[in-house]
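Trainee: Next up is a structure, given as structure tokens.
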Amino acid sequence: MPSQKDLKKIIRARMEKTGEAYTAARLHIVKTKTVQPPPDYAPRAGMSDAAVKKATGRDWNEWVILLDAADASKKPHRDIAKYVAALGTPNWWAQMVTVGYERVRGLRDRSQRREGTYEATKSRTFAVPVEALFAAFANARTRRKWLAANVKTRTSNARTIRGTLDDDTAVQFFFVDKGNGKSSVAVQHQKLVDKAAVDEKKLWWHEQLDALAKLLK
């Protein structure tokens, strides 16, 4: 907004040009000069602006503008995630940004995947180095001590494990080094049939991660 003195000059100039009264001219000037706040995408995306900004360097408004410019709403999930990752976004956060954007643009509902199935997500931070946390998931013998399910590993690298459970549902584990001897894991349990299954699996993973925490102590 201009200063009060400059605002009066602009209003008087409009009055001379349009013949409007001062009040009408002022209302028009103030309305056109008011900067509208950016849309609040966070509730729909499912994560706060502060969290996504801290992890990726962009808030939801910036991500939506960037992805809209790339016609991301017309692309499959994998292509969007690859594009987000190519901008320097860590693997798990590339997935989170992609999912949040798809929710914002109405391409999926909360906890729902693009193809119509549902997924449950859970994360936990542990007071152990990321190598130790990764080993607790990657080593089958250690995993059986805390996880009440069999996981058939499909792909694995230093920060991600993807696998399948006996019921043919899919799981992904993403690991992040938090520094100072701390690390976190984000679990995505996919191919669930409905929201009731999502709630059930979230509770189940809470219990499994509790068991892991006891083991790591």
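The values are calculated or read from the model by the stated rules, or taken from the named source; none is laboratory data. None of these values were measured; they are calculated from a predicted model. Please note: Cβ atoms are built from the backbone with ideal geometry, for glycine as well, and neighbour counts cover all protein chains shown.
Trainee: Which of the numbered conditions does D177 fail, given that it passes all the others? Conditions: (1) in contact (Cβ under 8 Å) with a residue 60 or more places away in the chain; (2) under 30 Å from P43 (Cβ atoms).
Mentor: Of everything listed in (1) in contact (Cβ under 8 Å) with a residue 60 or more places away in the chain; (2) under 30 Å from P43 (Cβ atoms), D177 misses just condition (1).
Trainee: Something else: Name the one entry in S156, S73 that is within 20 Å of W205 (Cβ to Cβ) and either touching an Asp or Glu at 6+ places or on another chain (Cβ under 9 Å) or loosely packed, with under 15 Cβ neighbours inside 10 Å (or both).
Mentor: S156
Trainee: Of the residues that sit in segment 152-172 and are in contact with a Phe, Trp or Tyr (Cβ under 8 Å, 6 or more places away or on another chain) and β-branched (V, I, T), which one is modelled with the lowest pLDDT?
Mentor: T160
Trainee: While we're here: Condition first: at pLDDT 70 or above and among the acidic types (D, E). Now tell me which residues in segment 1-33 satisfy that.
Mentor: Result: E16, E20.
Trainee: In addition: Take segment 91-131 and flag every residue that is among the aliphatic types (A, V, I, L, M), modelled with pLDDT of 85 or more and more than 10 Å from the chain's Cα centre (by Cα).
Mentor: Restricting attention to segment 91-131, the residues satisfying the condition of being among the aliphatic types (A, V, I, L, M) are 94, 96-97, 99, 104, 107, 120, 127-128, 130.
From the residues that got through so far, the ones that are modelled with pLDDT of 85 or more too are 94, 96-97, 99, 104, 120, 127-128, 130.
Within segment 91-131, V104, A120, A127, V128, V130 qualify.
Trainee: Please go through segment 191-207 and pick out each residue that is on the phi < 0 side of the Ramachandran plot and surrounded by fewer than 18 Cβ atoms within 10 Å (Cβ to Cβ).
Mentor: Of everything in segment 191-207, those that are on the phi < 0 side of the Ramachandran plot and surrounded by fewer than 18 Cβ atoms within 10 Å (Cβ to Cβ) turn out to be V193, D194, K195, A196, D199, E200, K202, L203, W204, H206, E207.
Trainee: Could you tell me which numbered condition A85 fails, if it satisfies all but one of (1) within 30 Å of K178 (Cα to Cα); (2) modelled with pLDDT under 80?
Mentor: (2)
Trainee: Is it fair to say Y41 is without any contact (Cβ under 8 Å) to a residue 12 or more places away in the chain, touching a helix residue (DSSP H, G or I) at 6+ places or on another chain (Cβ under 9 Å) and not small (G, A, S)?
Mentor: No, not satisfied.
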